[in-house]
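The values are calculated or read from the model by the stated rules, or taken from the named source; none is laboratory data. Keep in mind the model is a prediction, meaning the values are calculated, not measured. With ideal geometry, Cβ positions are generated from the backbone for all residues, glycine too; neighbour counts draw on all protein chains shown. Keep in mind that these areas ignore ligands, DNA and RNA; they rest on the heavy atoms of the full protein, side chains included. Shrake-Rupley method; radii C 1.70, N 1.55, O 1.52, S 1.80 Å.
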Amino acid sequence: MVTKQEILEILENYDKDKLAIATVCSHSSLQIFDGARKEGFRTIGICINAPPKFYDAFPKAKPDEFFTVKDYKEIISKTDELARKNAIIIPHGSFVEYLGAANFNKLHLPTFGNRRVLEWESDRDMSRMWLEAAGIKMPRQIKNPEDIDSPMMVKYYGAKGGMGFFVVKNYSDFQKRINPAEKYTIQEFVLGTRYYMHYFYSPIKHEGYALSKGTLELLGIDRRVESNADEIFRIGSPTELAEAEIYPTFVVTGNLPLIVRESLLPRVFEMGEQVVEKSLELFGGMVGPFCLETVVTDTLELKVFEISARIVAGTNLFISGSPYADLVDEGLSTGRRIAREIKTARDMDLLSEVIS
């Protein structure tokens, strides 16, 4: 992995008054570019071959410049060109998935956040170790598929937007549907409502919900629309579907906005605080946006089944702010909050605190 010192040396040669926000044209790039422009930054959209035409339909979110590559791996060999443009990379789920976590860690460009989180986030065993060590309640997990005795969710590793995830009831179901070439984890299928909590951790801000270092914000909550799980039972009962060999799938196709009962907000903040504090202890802390993917049961218990340690696509609902973000600053998107953190860090000469 590229060292922090190497990144600081690259950053030393940047014109700090001409910093540019750069990311791959996918996932949450529209709000990242829009938010960066609102905070006074130039923007660079990294794309394959030709610039995507749909950006012409969204002039406020169209990057000032497109940086084309033949494939995502080519970004690695073009870091010098991006450095000459004073580019600061904003990671998102598609960016890391397309480039690969190992390659992303080698990227010789200043990147918002702490890249050390990738190791903990991308490995489901390590992320579980992190969350459980933080005191977070999680669904029961089993190692041996032969022990499946109730509905279980099987998940493959990596940020795949739910692709390939499936529910099984017994070992026979598991054998029929598993891809043995993929790494996977098996965890209890918890009945309840899914809430995806969008947090932002700042190591340099002092006003607000204070942690041992910095502050924590809640910028929004969403629920994911999954195909075909959200519609499949319109055509039959689970038994009838299984007999027809039709099974629910969990590919994320969109998102819906949510708010949580206000009485649950103390617990929501406590969970975010616990996760951040443990990250500071384990790997120096994650910086910026992260998402705790939770299920709220009918007894109002919150269980976290996954963490995403960067901006998530559900934040795209709130480009003009959410009911929570508006109580921080009106019209504040997560993309704009990222740009504001970079701007504040630059003005305070603290960029080393928020990049890696």
remark   = Rounded to a whole %, the carbon-and-sulfur portion of the accessible area of region 80-137 at a 1.4 Å probe is 48
ask   = How much accessible area per residue does region 1-110 have, in Å², with a 1.4 Å probe?
value = 47
ask   = In the neighborhood of PHE104, defined by Cβ-to-Cβ distances under 10 Å, what is the net charge if each Lys or Arg adds +1 and each Asp or Glu adds -1?
value = +1
task = Determine one quarter of the surface area of the Cα convex hull of the chain, which equals its mean projected area, and express it in nm² to one decimal.
result = 18.5
key: Overall dimensions of region 1-155 as given by Cα atoms, namely Rg and Dmax in Å   = 18.8, 60
request  = Could you list which residues have their amide H under 5 Å from that of PHE166, counting only those 5 or more apart in sequence or on another chain, with H placed in the peptide plane?
outcome  = VAL154
message = I need the shape label for region 1-88. Rule: rounded when a/c is under 1.5, else prolate if a/b > b/c, else oblate, with a, b, c from the alpha carbon gyration tensor.
response = oblate
query = P(r) tail for region 59-137, what percent of Cα pairs lie past 22 Å?
reply = 35
key: Heavy-atom accessible area ranking, 1.4 Å probe, most first, across TRP120, TRP130   = TRP120, TRP130
inquiry  = Show me the GluC sites (Glu not before Pro) within region 268-356 that DSSP assigns to loop and that have at most 12 other Cβ atoms within 10 Å of their Cβ.
reply    = GLU330
query = Using modelled backbone amide H atoms (1.01 Å from N, in-plane), which distant-in-sequence or interchain residues come within less than 5 Å of THR249's amide H?
reply = ASN228, ALA229
query = Hey, quick one: spin label on GLU74, modelled 7 Å out along Cα-Cβ, who in region 31-48 has an amide N within reach, i.e. under 11 Å?
reply = 47-48
request  = Check each of the GluC sites (Glu not before Pro) in region 95-204 and keep only those in coil by DSSP with at most 15 other C-beta atoms within 10 angstrom; list them in order.
outcome  = GLU182
remark   = According to the Cβ-distance criterion of 4.7 Å, cysteines of the chain with no possible disulfide partner are CYS291
key: Cα-centred dipole magnitude for region 249-351, charges only on beta-carbon of K, R (+1) and D, E (-1), debye, nearest 20   = 300
request  = Could you quote the convex hull projected area for region 293-352, Cα atoms only and averaged over all directions, in nm²?
outcome  = 5.8
inquiry  = Taking all protein chains in place and a 1.4 Å probe, what share, in percent, of the accessible surface of region 17-66 do carbon and sulfur account for?
reply    = 55
task = Could you state how much accessible area SER263 has, in square angstrom rounded to the nearest 10, with a 1.4 Å probe and all protein chains kept in place?
result = 80
task = For region 232-342, report the accessible area per residue in Å² (1.4 Å probe, heavy atoms, rounded to an integer).
result = 45
inquiry  = I need the trypsin sites (Lys or Arg not before Pro) found in region 257-356, filtered to DSSP loop residues with at most 16 other beta carbons within 10 Å of theirs.
reply    = ARG261
ask   = Carbon and sulfur atoms: what percent of the 1.4 Å accessible area of region 265-351 do they account for?
value = 49
query = Beyond 19 Å, what percent of the Cα pairs of region 200-356 remain?
reply = 61
request  = Only helical DSSP H runs with n ≥ 4 go in: add -39500 (n - 2.57) per run for the chain, normalise by residue count and round the 222 nm mean residue ellipticity to 500 deg cm²/dmol.
outcome  = -8000 deg cm²/dmol
ask   = With respect to the cross-link table entries LYS78/LYS183; LYS18/LYS38; LYS205/LYS278; LYS4/LYS85; LYS106/LYS137, which display a Cα-Cα separation exceeding 22 Å?
value = LYS78/LYS183; LYS106/LYS137
